[in-house]
Amino acid sequence: MPTMAILDAQGLRRRFGSTEAVAGVDLRVAAGETVALLGPNGAGKSTTLAMILGLLSPTAGQVTVGGRAPRQAVADGLVGAMLQSGAGSGLPSRTRVGELIRFVASLYPAPLPVPAVLQHAGLTSLAGRLVDRLSGGELQRVRFALAICAGPRLLILDEPTVGLDVPSQRSFWETVRAFAAEGCAVLFATHYLAEAAETAGRVVVLHRGHVVADGTVDEIRRTATRRVRFRAPDANAGALRALPAVQQVRQADGVISLDSTDSDATVRGLVRSGASFTDLEVTSAGLADAFLALTREEPA
Amino acid sequence: MKTHRPLLASFLAFELRRVLRAPGILIWTLAFPVVFYLLNFANKTNNAGAERWAGTTWAVYFMVSMCAWAAIAAAANAGGARLAAERANGWATHLRLTPLPSWAYAAGKVLTGAALALMAALALSLIAGAAARPELPASAWAAMILACWLGSLPFAALGILVGLAAGTSVAEPAMVGTVLVLNVLGGLLWPLPVFPHWLQGIAKVLPSYRLVDLGRAAVTGHALNPADMAFLFAWTLLFGAIATWCYRAGQRRPIG
């Protein structure tokens with residue numbers, strides 16, 4: 001029997017006018033698991049998370065958190081979240097840190113004790129400080145505190161380290177890992193490969209609203225290939241395997257399909273080999289595009 | 001059975017504490033009506049204060065107008081630019097990720113506006129009372145403040161509407177402009193009879209006129225006009241309905 005899923009999304013779709021931001025996403029997260037939702041800007045990460053939280057209703061498909069509808073899971077305190085706050089702090093002005101956390105905790109049916117929340121978020125010494133006087137890294141920790149004060153079983157973080165300096169990013173992820181170690185599942189969106197690799201055991205790559213890969217970062221790197229297909233009834237499988245950059249050869253009814261990490265080199269090698277072929281086509285698995293976009297956006 | 005959590009009370013207490021931490025809001029909304037009242041009546045050699053007007057003295061009549069002005073501005077400013085800023089910076093969205101229902105959010109904001117209106121009305125009548133000493137029995141005085149307070153509800157709803165509909169850069173001038181127009185047309189600066197006839201017809205529909213009319217009935221001892229209350233109630237419903245519609249429309253937009 002599989003471990004119980006804290007999150008189960010099936011066939012999620014969301015359309016805005018004529019564009020489909022999320023085009024059929026299946027996503028399961030097991031209790032206690034940490035999963036990165038990796039994808040370039042505009043891949044549909046935020047929209048997917050918004051549907052999981054019940055902020056947006058899906059055009060099609062369904063999602064449950066802890067077996068409940070998203071709004072019910074929010075009301076029951078099963079899920080906590082830190083969403084992107086754009087240019088602002090995401091926090092109300094003229095409140096003290098401790099007062100703000102006490103207020104938000106008071107809304108939940110079974111909140112974590114406020115001192116524990118302060119300690120998890122590293123805010124104990126700042127409890128009496130006005131939110132208006134906090135640095136960027138401190139504001140982020142307050143937002144994290146608000147996300148965990150329900151005592152959630154699923155924590156959702158949407159690009160949580162955007163705009164933070166490197167030391168703040170590191171200490172933030174340490175905090176997240178420490179909290180996850182206590183058994184809370186974490187699903188976070190990022191467009192940094194490195195962040196995904198460091199913190200998540202599993203990475204789900206989203207591209208143009210589709211899941212294009214799901215596995216460990218190494219597994220995904222290995223499968224980021226293109227497919228070269230052509231018709232060649234009398235081809236020699238051994239010779240094809242020797243072509244540059246070829247990972248795998250498939251042969252069915254005279255149609256050859258090569259998985260290649262460098263389709264240009266493979267095609268040049270094929271032509272140079274003198275073998276006869278027809279109907280050549282090179283298709284990109286969505287993953288290759290997604291990774292190109294991701295690697296271009298790596299932080300400096 | 002789940003334990004009952006007073007979500008609205010929690011939110012209201014939280015909001016009131018924030019508001020009280022920023023006395024600037026109250027001072028700013030009081031500035032105009034206080035200065036205007038004092039310009040009219042602080043001068044002791046000017047006996048305009050004792051002049052009879054509409055069943056009372058001009059000093060009392062004008063105090064009701066400025067009290068209404070203060071209550072209206074305070075109630076509206078509880079929403080307005082402050083609400084627009086909270087939506088823009090993501091706090092309003094975070095609250096939707098808590099068990100606080102949206103009706104409690106709206107009710108909390110309206111009640112915060114009403115609380116500010118009460119403080120503004122009290123402050124203005126204290127200042128007016130100290131400066132011009134208008135003659136008025138305590139019970140009538142209390143009834144007038146109560147009228148300003150209850151009548152401020154549609155303006156609290158209007159503030160929320162503007163905060164939801166306008167962006168951060170527009171919300172402040174939109175709110176100030178709307179309040180100014182409503183207050184002037186509602187007869188708070190100049191009494192209605194100075195307006196042309198057609199404008200008086202429009203003015204009598206406005207919530208500002210209905211609020212100040214309720215206050216005037218309270219100080220002259222006339223019977224309260226049920227139409228005033230009906231109009232104020234209808235305006236609250238109308239602004240509330242449009243605000244709800246704006247809120248829903250905002251939720252259909254793409255995210256991030």
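The values are calculated or read from the model by the stated rules, or taken from the named source; none is laboratory data. Given the structure is predicted, the values throughout are model-derived calculations rather than measurements. Here the Cβ is made from the backbone with ideal geometry for all residues, glycine too, and neighbour counts use every protein chain on show.
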> If you go through the range B:83-106 one residue at a time, do you hit one that is more than 14 Å from every other protein chain (Cβ to nearest Cβ), surrounded by fewer than 24 Cβ atoms within 10 Å (Cβ to Cβ), assigned to a helix (DSSP H, G or I) and out of contact with any His (no Cβ under 7 Å at 6 or more places or on another chain)?
Replying inline: yes
> Within the group A:Ala194, A:Ala242, A:Ala237, which residue is at pLDDT 85 or above and either within 30 Å of A:Leu146 (Cβ to Cβ) or surrounded by fewer than 13 Cβ atoms within 10 Å (Cβ to Cβ) (or both)?
Replying inline: A:Ala242
>> When the residues of the range A:41-64 are narrowed to those that are under 18 Å from the mean Cα position of the chain (by Cα) and hydroxyl-bearing (Ser, Thr, Tyr), which ends up nearest to A:Pro152 (Cα to Cα)?
In response: A:Thr64
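The rows are residues; the columns are (1) outside the structural domain of A:Ala178 (by TED's automatic domain parsing); (2) aromatic (Phe, Trp, Tyr); (3) within 29 Å of the chain's Cα centre (by Cα); (4) over 21 Å from B:Glu15 (Cα atoms).
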site	(1), (2), (3), (4)
A:Ile101	no, no, yes, no
A:Tyr108	no, yes, yes, no
A:Pro113	no, no, no, yes
A:Val117	no, no, yes, yes
A:Ser125	no, no, no, yes
A:Ser135	no, no, yes, yes
A:Leu139	no, no, yes, no
A:Arg143	no, no, yes, no
A:Leu146	no, no, yes, no
> Any idea which residue in the range B:107-128 is nearest to B:Ile160 (Cα to Cα), counting only those that are without any contact (Cβ under 8 Å) to a residue 60 or more places away in the chain and more than 11 Å from the chain's Cα centre (by Cα)?
Replying inline: B:Leu122
> Given the conditions (1) of a type outside the set (Val, Ile, Thr); (2) under 30 Å from A:Ala9 (Cβ atoms); (3) crowded, with 19+ Cβ neighbours inside 10 Å; (4) in contact (Cβ under 8 Å) with a residue 40 or more places away in the chain, which single one is not true for A:Leu100?
Replying inline: (2)
>> Residue pairs, Cβ under 8 Å, 6 or more apart or interchain, first in the range A:266-280 and closer than 11 Å to A:Ala232 by Cα, second part of a loop (DSSP other than H, G, I, E, B) and of a type in the set (Gly, Ala, Ser). List them.
In response: A:Ala275/A:Ala232; A:Ala275/A:Ala235; A:Ser276/A:Ala232; A:Phe277/A:Ala232; A:Phe277/A:Ala235; A:Thr278/A:Ala232
>> Take A:Leu91 and tell me if it is under 25 Å from B:Leu7 (Cα atoms) and under 22 Å from the mean Cα position of the chain (by Cα).
In response: no
> For residues in the range A:181-191 being surrounded by 18 or more Cβ atoms within 10 Å (Cβ to Cβ) and not hydroxyl-bearing (Ser, Thr, Tyr), which is modelled with the lowest pLDDT?
Replying inline: A:His191
> Are any of the residues in the range B:161-170 within 14 Å of chain A (Cβ to nearest Cβ), without any contact (Cβ under 8 Å) to a residue 40 or more places away in the chain and part of a helix (DSSP H, G or I)?
Replying inline: yes
> Is it true that A:Ala43 is part of a loop (DSSP other than H, G, I, E, B), under 15 Å from B:Thr98 (Cβ atoms), modelled with pLDDT under 95 and of a type in the set (A, V, I, L, M)?
Replying inline: no
> When the range B:1-23 is examined, which residues are found to be more than 10 Å from every other protein chain (Cβ to nearest Cβ) and modelled with pLDDT under 85?
Replying inline: B:Met1, B:His4, B:Pro23
> Quick one: would you say A:Asp165 is without any contact (Cβ under 8 Å) to a residue 60 or more places away in the chain, within 13 Å of chain B (Cβ to nearest Cβ) and not aromatic (Phe, Trp, Tyr)?
Replying inline: no
>> Looking at A:Arg272, A:Arg250, A:Arg296, A:Arg268 in this structure, which one is of a type in the set (Lys, Arg) and at pLDDT below 80?
In response: A:Arg296
> Taking into account only those residues within the range A:152-161 that are at pLDDT 95 or above and away from chain B (no Cβ under 11 Å), which is surrounded by the fewest Cβ atoms within 10 Å (Cβ to Cβ)?
Replying inline: A:Arg153
